[in-house]
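Everything on this sheet refers to the single structure shown next.
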Amino acid sequence: MTKVAELTTDGWRGQPSKKWSELDVLSKAAAFAANLKSDQSLAIGFDGRAGSRELAMLAARAFSNLGVNCIVSSAITPTPSVGRFVASQKRVGAGLIFTASHNPPGDFGLKVRLEDGPPPIQLPSVPQERRDDFASLSFDETKTSFLIDDRINEHYRQTVCEPLSQAIKLFPGEVVVDAVFGALGALSSSLKGVRWRRSTPAPFFFGITPDPVLRQEAEPEMMVALSECKHSENAIVFMTDGDADRLCLYTQASGYVTSTEQTMALIYAGLPVKQIISTYVMESTLQQIAEARHIEYRSTSVGFKNIVADWKTTDQNATIGVEPNGGLAFANSSVDFFERDGLATASLILTQFGSIEALDFAIKQTRSLRRFDSRQAVSPLEPEQLINVITGAWPGAAKELRSNIYELMWSEGWRVLIRRSGTEPLTRCYVEGPDKLHSWFRDKLSK
């Protein structure tokens, strides 16, 4: 059964249960609502999952009853839409997004965005009396008043959708966006020139897990999407996740392209980057490319909030933040919005390369620098159990533990990084090695 995740990579997610109910999610949200300044409002958004809209309205009733001014979206909102809105509004101190991101159908959850990005690791405390208010669930309707409108998504249309529509107009090729029945589909009418696929937000995602990084599930869908194009050799397929903050892509010549490969290609193509901030589980080739181009390379703990926190300690000039799970952000300065955003990444890709040929060439050149291919796998086993299974089949590995991440290294140069997921009951593996190692993970071990 899915466990309830504490705030690790991004938010809390889990299956509905006695230990993960409306009371639990409202209590966690209250930690942020309670710490707003008296003149600050709370923005509330939600994805298309079953229960997300209802949780958003329940939260608005609860917090407005406690004297917090709430602005609730009138429609489904991608997570980046809420994050950008909060960052742009001086009198909006925090944003709540009721979403379980890329988790399987049936889960529900909560993400939080503050004025300066994701919340810190140390959370503000929840006053006991407010927990009691939620426990009673006796919200006085006569004292409940909050604003419902479209301003959250309208800001996103202006800042992200319109520039992307212009980039698509100038791009000499067909652009396909697969929203995997997630939140992004609600904004499909705001993007001109796109051929949409699976753009209807569905309460249970029609039974799929909305995760573009699950390559064994995403790649076949991307291949089908490309085959439906009139000129498939001159088309690009973008796939987002359930709440639209992560992105992978596909072309006929390059095939499936990860966020790591997107970053390496952008550097090769001359994107003016002064520093890269990634996580400890990033593919080693990225650091090698950065160092060869005299770009500062920094590593931090898993989770984009840690990338953002590290970025704030630097001069914040021309920075790429990247995770191997589809998250990518680029900022020229401290005034730019520095967070994962699938559509903003798509716009960056189209603008920087200008053609499919240029993109494919950059990807081919950077892939040639790899000693081994890099892929991800997941397993239901705990990390220690998984290590025993892996080393039993592939002996001779040296083992090292760093920041709750196990690293296995073989003399042949193979490398496997292993960590327990903070959002789902599974273990994630980042595998760099020959085809036979990847095949073994896919056929013998992967969930």
Answer residue from the range 275-309, given it is free of Cβ contacts under 8 Å to residues at least 40 places away in the same chain, not in a helix (DSSP H, G or I) and not aromatic (Phe, Trp, Tyr) and is surrounded by the fewest Cβ atoms within 10 Å (Cβ to Cβ) among those: His294
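If I filter the range 390-447 down to residues being out of contact with any helix residue (DSSP H, G or I) (no Cβ under 8 Å at 6 or more places or on another chain) and of a type in the set (Asp, Glu), which single residue comes out as nearest to Lys111 (Cα to Cα)?
Of everything passing the filter in the range 390-447, Glu424 is nearest to Lys111 (Cα to Cα).
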Members of the range 237-263 found to be of a type outside the set (S, T, N, Q) and either more than 11 Å from the chain's Cα centre (by Cα) or assigned to a strand (DSSP E or B) (or both), listed by number: Val237, Phe238, Met239, Leu247, Cys248, Leu249, Tyr250, Ala253, Gly255, Tyr256, Val257, Glu261
Criterion: among the acidic types (Asp, Glu), at negative phi and outside any helix (DSSP H, G or I) - qualifying residue of Glu357, Glu339: Glu339
From the options Pro272, Pro324, residue that is in the same structural domain as Asp360 (by TED's automatic domain parsing), surrounded by 24 or more Cβ atoms within 10 Å (Cβ to Cβ) and either within 30 Å of Val224 (Cα to Cα) or touching a residue at least 12 places away in the same chain (Cβ under 8 Å) (or both): Pro324
Number of the exception - Trp196 against (1) without any contact (Cβ under 8 Å) to a residue 24 or more places away in the chain; (2) surrounded by 20 or more Cβ atoms within 10 Å (Cβ to Cβ); (3) of a type in the set (Phe, Trp, Tyr): (2)
Output for the range 59-86, where each listed residue is out of contact with any His (no Cβ under 6 Å at 6 or more places or on another chain), of a type in the set (A, V, I, L, M, F, W, C) and buried (at least 20 other Cβ atoms within 10 Å of the Cβ): Ala59, Ala60, Ala62, Phe63, Val68, Cys70, Ile71, Val72, Ile76, Val82, Val86
Residues of the range 370-411 satisfying the condition of being over 22 Å from Val302 (Cα atoms), surrounded by 13 or more Cβ atoms within 10 Å (Cβ to Cβ) and out of contact with any Phe, Trp or Tyr (no Cβ under 6 Å at 6 or more places or on another chain): Arg370, Arg371, Phe372, Val389, Ile390, Thr391, Trp394, Trp410
The range 235-256, residues that are crowded, with 16+ Cβ neighbours inside 10 Å and closer than 15 Å to Ser355 by Cβ: Ala235, Ile236, Leu249, Thr251, Gln252, Ser254
Filtered residue count, the range 239-264, keeping only those that are among the hydrophobic types (A, V, I, L, M, F, W, C) and in contact with a Phe, Trp or Tyr (Cβ under 8 Å, 6 or more places away or on another chain): 5
Positions within the range 207-234 being more than 23 Å from Ala377 (Cα to Cα) and either surrounded by fewer than 16 Cβ atoms within 10 Å (Cβ to Cβ) or touching a helix residue (DSSP H, G or I) at 6+ places or on another chain (Cβ under 6 Å) (or both), in sequence order: Leu226, Ser227, Glu228, Lys230, His231, Ser232, Glu233, Asn234
Any pair with Cβ under 8 angstrom, 6 or more apart, that starts in the range 232-252 at a residue that is within 15 Å of Ser347 (Cα to Cα) and of a type in the set (S, T, N, Q) and ends at one that is part of a helix (DSSP H, G or I) and modelled with pLDDT of 95 or more: Thr240/Leu184; Thr240/Gly342; Thr240/Leu343
Sole exception among (1) out of contact with any Leu (no Cβ under 7 Å at 6 or more places or on another chain); (2) in contact (Cβ under 8 Å) with a residue 60 or more places away in the chain; (3) under 30 Å from Tyr280 (Cα atoms) for Glu219, by number: (2)
Selection count where residues are under 22 Å from the mean Cα position of the chain (by Cα) and outside any loop (DSSP other than H, G, I, E, B), scope the range 364-398: 6
Candidates Ala218, Ala202, Ala235, filtered to the one that is outside the structural domain of Ser52 (by TED's automatic domain parsing) and in contact with a Ser or Thr (Cβ under 9 Å, 6 or more places away or on another chain): Ala235
Condition check for Ala202: outside any strand (DSSP E or B), farther than 20 Å from Pro78 by Cα and small (Gly, Ala, Ser): no
Single match in Leu191, Leu137 (criterion: at pLDDT below 95, exposed (fewer than 14 other Cβ atoms within 10 Å of the Cβ) and either in the same structural domain as Ala31 (by TED's automatic domain parsing) or closer than 27 Å to Glu233 by Cβ (or both)): Leu137
Residue check for Val257: of a type in the set (Val, Ile, Thr) and out of contact with any Leu (no Cβ under 7 Å at 6 or more places or on another chain): no
Tabulated pairs, the range 41-70, first at negative phi, second hydroxyl-bearing (Ser, Thr, Tyr) and part of a strand (DSSP E or B), C-beta under 9 angstrom, 6+ apart or interchain: Ala43/Ser73; Ile44/Ser73; Gly45/Ser73; Phe46/Ser73; Ala56/Ser73; Val68/Ser41; Asn69/Ser41; Cys70/Ser41
Contacts under 9 angstrom Cβ, first residue in the range 421-438 being modelled with pLDDT under 95, partner assigned to a helix (DSSP H, G or I) and among the hydroxyl-bearing types (Ser, Thr, Tyr), 6 or more apart: Glu432/Ser284; Glu432/Thr285
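The values are calculated or read from the model by the stated rules, or taken from the named source; none is laboratory data. Note that the structure is a prediction, hence the values are computed from the model and not measured. Cβ atoms come from the backbone with ideal geometry, glycine included; neighbour counts cover every protein chain shown.
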